[in-house]
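Undergrad: Sharing a structure, written as structure tokens. Questions coming.
The values are calculated or read from the model by the stated rules, or taken from the named source; none is laboratory data. Because the structure is a prediction, the values reported are computed rather than measured. With ideal geometry, Cβ positions are generated from the backbone for all residues, glycine too; neighbour counts draw on all protein chains shown. Ligands, DNA and RNA are excluded from the accessible area calculation, which covers all protein heavy atoms including side chains. Shrake-Rupley method; radii C 1.70, N 1.55, O 1.52, S 1.80 Å.
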Amino acid sequence: MRLGVLDVGSNTVHLLVVDAHRGGPPVAQSSHRSVLRLMRYLTPEGAISTEGVDAIVTAVADAVAAGAAAEIDELLPFATSAVREAANGPEVLALVESTTGVRLQVLSGDDEARLTFLAVRRWFGWSAGEILLVDIGGGSLELAAGGSEFPDVAVSLPLGAGRSTVSFLHDDPPTAEQVAALRQHAREQLREARSRFTDRPDPAHVVGSSKTIRSLARLAGSRADGVGPQDRRLLRRAGLEDWVPRLARLPADSRPALPGITADRTFQIVAGGIVLAETMRAFGIEELEVSPWALREGLILRYLERLT
């Protein structure tokens, strides 16, 4: 089947077109992306502004046209924290459906963690044993742990890279006081979440997923031999903490000159780095492995299983 996975996230509206079948990996064929950074459209009341709603509708309509041009057999559309938590989220969903014909499935934070964990498990395989997952989206941070295809514990925290940028890093580049405030906020959020994992066995693999973590790993990480032809990308906390202060001193328009920092992530990469560093510190993680599969792949895998 040719599937289109439409992800209406906090930072982008992204259509990924893949060829997929049960028992095999999804193979990417094309991609269509609109950068929105929805957090900048939130009103003081927590609603998405009219301008932001128009941007979502336009981006979804463009994605539908791209999917039709790619001749997809099925569209799997979903929305995450930005729409889920918006005060006018139901109205936004209704307008998207009436205008574009797309009914977005709204995923909870636990859904995001469990689907991402499924994708990571399939990527690393059963021999990976106990996995601890860290995933940083635009609106939320997902943490999950377990030894099977579904995590035994899953937590979603409002520590996404986009949300943290809008809430704390108001200047470009951010001030030292703003960076310190975000660090303290992340530590407080993570302290309670950490208690949910205290009775877990030590993970055989700590895995990071999401575009933010992949970008940071390209900047501050290293490569190691993998099982197949692809190398593994690793990110050590020491390397990350060395780079985050340097990133924070650069204005956003200068950061894309660095390896791994793309224009669509440049405004939120500092917050993402701070949150990831504090997460690694809270959980005692010295090094994590980076998964190329994340939420979208998890959604594809679950859909293929439900067909049978």
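Undergrad: Which far-off residues, 5 or more places away or on another chain, put their amide H under 5 Å from the one on G208, with H placed in the peptide plane?
TA: HN-HN under 5 Å from G208: V134, E289, V290, S291.
Undergrad: Which of G52, G272, G24 ends up with the largest GNM mean-square fluctuation for the chain, with Cα atoms connected below 10 Å?
TA: Largest GNM mean-square fluctuation: G24.
Undergrad: Once you charge only the Cβ atoms, +1 for Lys and Arg and -1 for Asp and Glu, what is the size of the charge dipole of the chain about its Cα centre, to the nearest 20 debye?
TA: On the way: 33 positive and 39 negative charges, 124 e Å.
Roughly 600 debye for the chain.
Undergrad: Can I ask one more? Summarise the accessible area of the chain (1.4 Å probe, protein heavy atoms) by the percent that is carbon and sulfur.
TA: Here carbon and sulfur together make up 50 percent of the probe-accessible area.
Undergrad: Scaled to the compact-protein estimate 2.2 N^0.38 Å, what is the alpha-carbon radius of gyration of region 248-308, rounded to two decimal places? Show your work: numbers first, answer last.
TA: Working: Rg = 16.4 Å, N = 61, 2.2 N^0.38 = 10.5 Å.
Against the empirical 2.2 N^0.38 Å value, I get 1.56 for region 248-308.
Undergrad: Right, another one. What FRET efficiency do you get for R200 and V106 if R0 is 30 Å and r is their Cβ-Cβ distance, rounded to the nearest 0.05?
TA: Result of the calculation: an efficiency of 0.55.
Undergrad: Could you tell me what a quarter of the Cα convex hull surface of region 63-171 works out to, in nm² with one decimal place?
TA: Directional mean of the projected Cα hull area for region 63-171 stands at 9.2 nm².
Undergrad: Restricting to Cα pairs below 8 Å that are 6+ residues apart, what does the relative contact order work out to for the chain? Please round to a whole percent.
TA: It rounds to 17 percent for the chain.
Undergrad: Further question: Using just the Cα positions, wrap region 156-202 in a convex hull and report its mean projected area in square nanometres, one decimal place.
TA: Numbers: hull surface 16.0 nm².
The number I arrive at for region 156-202 is 4.0 nm².
Undergrad: Which of Q268, Q230, Q189 moves the most in a Gaussian network model of the chain with Cα springs under 10 Å?
TA: Q230
Undergrad: Among DSSP beta bridges whose residues both lie in the chain, state the antiparallel percentage, nearest 5.
TA: The answer is about 70 percent antiparallel.
Undergrad: In sequence order, what are the phi-derived ³J(HN,Hα) couplings for region 67-73 according to the Karplus relation 6.51 cos²θ - 1.76 cosθ + 1.60 with θ = phi - 60°, rounded to whole Hz, with x for glycine and proline?
TA: Values per residue, Gly and Pro as x: x, 5, 5, 7, 6, 6, 8 Hz.
Undergrad: Out of the DSSP beta bridges found with both residues in region 1-142, what percent are antiparallel (nearest 5)?
TA: Expressed as a percentage, antiparallel bridges in region 1-142 total about 70.
Undergrad: Right, here's the next one. Per residue, what accessible area does the chain have, given a 1.4 Å probe and all protein chains present, in Å²?
TA: With all protein chains present, the chain gives 43 Å² per residue.
Undergrad: Which of R236, R194, R40 moves most in a GNM of the chain, Cα contacts under 10 Å?
TA: R194
Undergrad: HN-Hα J couplings of region 36-51 from phi, Karplus 6.51/-1.76/1.60, θ = phi - 60°, integer Hz, Gly and Pro as x?
TA: The phi angles translate into 10, 6, 4, 4, 6, 9, 6, 7, x, 7, x, 9, 7, 5, 4, 4 Hz.
Undergrad: Whole-Hz ³J(HN,Hα) for each residue in region 280-286, computed from phi via Karplus 6.51 cos²θ - 1.76 cosθ + 1.60 with θ = phi - 60°, x for glycine and proline: what do you get?
TA: 4, 5, 4, 9, x, 8, 8
Undergrad: Can you pull a Stokes-Einstein diffusion coefficient for region 120-264 at 37 °C (0.692 mPa s), Rh from Kirkwood over Cα pairs, as a whole number of µm²/s?
TA: Answer from the Stokes-Einstein relation: 197 µm²/s.
Undergrad: Something else now. Over all alpha-carbon pairs of the chain, lay out the pair-distance distribution in 20 Å bins, whole %, shortest bin first.
TA: Going from the shortest bin to the longest, the percentages are 34, 61, 6.
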